[in-house]
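See structure below.
The values are calculated or read from the model by the stated rules, or taken from the named source; none is laboratory data. Remember, predicted model here, so these are calculated numbers, not experimental data. All Cβ positions, even for glycine, are placed from backbone atoms using ideal geometry, and neighbour counts span all protein chains on display.
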Amino acid sequence: MVQAISELIKEGINSVRNRDELSSLKRVYTKKYKLDAIRNDEIIREYKRLVSEKILKPNLAFESLLRKRSVRTLSGIAPIAVLTKSYPCPGTCAYCPRETDVPVSYLANEPAVMRAIRCDYHPYIQVVSRLRALENNGHEPTKMELIVIGGTWSYLPEKYKYWYIVNCFKAANDYRANGKLVNTPYPLSTKLSDLKIILQREQKRNEQARYRIIGLTLETRPDYINKKELEQMREFGCTRVEMGVQAVDDAILKLNKRGHGVAAIAEATTLLKQYGFKITYHLMPALPGSNPRLDLKLFARLFIDARFQPDQIKFYPTVVTKGSLLYKWYKAGKYKPYSDKVLQNLILKCKALVPSYVRIIRLIRDIPAESIIAGNKITNLRQVMQQRGAICHCIRCREPKTASIGEHSLNVQQYKASGGEEYFISLDSTDCKTIYGFCRLRLDKSSPVAAAIIRELHVYGELAPVGGQKSVQHRGLGKRLMQEAERIAKQEKADKLAVISGVGVRGYYRKLGYRLAGGYMIKKL
């Protein structure tokens, strides 16, 4: 097997131009050596060995062909989702399934949940497992966004939250290439006071680690957002918060037993922005009490009403699953989901309304079709929308992916949001069809952090490891965006600029003159 793969690599490294040619070459060598199959992860391991021993020179094009699901790191980071264990939920939402030993609203056969169950929901094991899987598939997850899901993070026991985040950082710090570990996780029996000290130590380690957590996302409800909660989230290193908004309509929220109204959504959004967090709204078209026309009206309101203005959106079209109150309503004939045609037409219209400073992360949830009693079962909805000629100017639709930097210009969009002024500073191609990087600057005198705060800095393109070969990343684009943000902040008489930095990227801001203070990187202007 090793000999077959070695020969395959040496023949194909400079001659194979696409995945079809790679597949043909694999068939040649499986037949020649009478093998059942040759997997890409096996080729990747041998390729890395040959490169590390300097038998072969690195070939980025060949590496790209070997990489499975390359889209995972084309946004410049490696997203790693981990689940918390099942705890009681404060909500009684009609649409949420409730399965034993699975976090509320999740199903045991969802891919992310199945991975978490295999790891017994342990954060350390989950992070290590995902890092190993990404590497086996040809990715270099040295810069990761850790996404903690599993329901209402803010409702979990305090000690469990500290233990969970501590072990996520420790896993990233301990992990070595090829899945080798040098340490073991901290037990849940560790004292809370000790966990708080350990957290600071592991975060400090992560600033210089090979596998850095440059972003941390937590999932919660709008009615559990308050100043104390946000201060603790910053202690954890959180940079983004996902909220179950579902619909900005009180009647719909009440009918679906959400437990809060639109006022709570607006208040939470304001607080999150004042503290510098990036905000993702979960939206659920086709909820009981709504209709396509109303859904479109509510979607448009997100960008017209200054109380909202989310940075990112996840579409989760309502589906009926067993174990939910909605399932009972459906069986009783009290609820009927939208047809595929109606839902797709709605999404087409919604996408056309999305401002260029917003990113649509997902169009569906990863729920297996066999678990959906009624509602959308199309798994490649984004591709279907593209085939139907969807017009969308969102960030994701304009990412460069593997494209190199062409002629570009610096653009600034200003809009009002939650009592402050938002500046979306971007580096775009001259036709504005491609975005290479952007910065979100907020000016808000009511902010408890600073009157000027950068809520996000991101350079797009294929993930480039720290100190690695250049792609769209590592070309000074981030520095240019920061300089423009500083110029605007000075122009508006701000005396300092704060950045809600991920732990693993603090070193970058230190090079630009920023210093850690109160969980933020801050620079006097």
Please determine whether any residue of the range 295-316 is of a type in the set (Asp, Glu) and assigned to a helix (DSSP H, G or I).
yes
State whether one or more residues within the range 326-338 are at pLDDT below 95, on the phi > 0 side of the Ramachandran plot, surrounded by fewer than 15 Cβ atoms within 10 Å (Cβ to Cβ) and not in a helix (DSSP H, G or I).
no
Candidates Ser501, Ser446, filtered to the one that is surrounded by fewer than 19 Cβ atoms within 10 Å (Cβ to Cβ), at pLDDT 95 or above and of a type in the set (S, T, N, Q):
Ser446
When the range 392-404 is checked residue by residue, the ones that are at pLDDT 90 or above and in a loop (DSSP other than H, G, I, E, B) are Cys392, His393, Cys394, Glu399
Are any of the residues in the range 210-225 part of a loop (DSSP other than H, G, I, E, B) and over 21 Å from the mean Cα position of the chain (by Cα)?
no
For the range 339-371, name all the residues that are surrounded by fewer than 17 Cβ atoms within 10 Å (Cβ to Cβ), more than 16 Å from Leu302 (Cβ to Cβ) and of a type outside the set (D, E, K, R).
Ser339, Val342, Asn345, Leu348, Pro368, Ala369
Residue ID - nearest to Asp41 (Cα to Cα), chosen from residues in the range 114-128 that are in contact with a Gly (Cβ under 9 Å, 6 or more places away or on another chain) and in a helix (DSSP H, G or I):
Val128
Might you check whether a residue that is closer than 28 Å to Arg301 by Cα, polar (S, T, N, Q) and surrounded by fewer than 24 Cβ atoms within 10 Å (Cβ to Cβ) occurs anywhere in the range 222-239?
yes
Give the residue that is nearest to Val449 (Cα to Cα), with candidates limited to residues of the range 268-294 that are assigned to a loop (DSSP other than H, G, I, E, B) and touching a Ser or Thr at 6+ places or on another chain (Cβ under 6 Å).
Met284
Selection count, the range 222-249, where residues are closer than 30 Å to Pro288 by Cα, touching a Lys or Arg at 6+ places or on another chain (Cβ under 8 Å) and not β-branched (Val, Ile, Thr):
5
Residue list for the range 237-267, filter: β-branched (Val, Ile, Thr) and not in a loop (DSSP other than H, G, I, E, B):
Val241, Val245, Ile252, Val262, Ile265
Those residues of the range 114-152 which are crowded, with 19+ Cβ neighbours inside 10 Å, in contact with a Cys (Cβ under 9 Å, 6 or more places away or on another chain) and not polar (S, T, N, Q) amount to Pro123, Tyr124, Val127, Val128, Leu146, Val148, Gly151
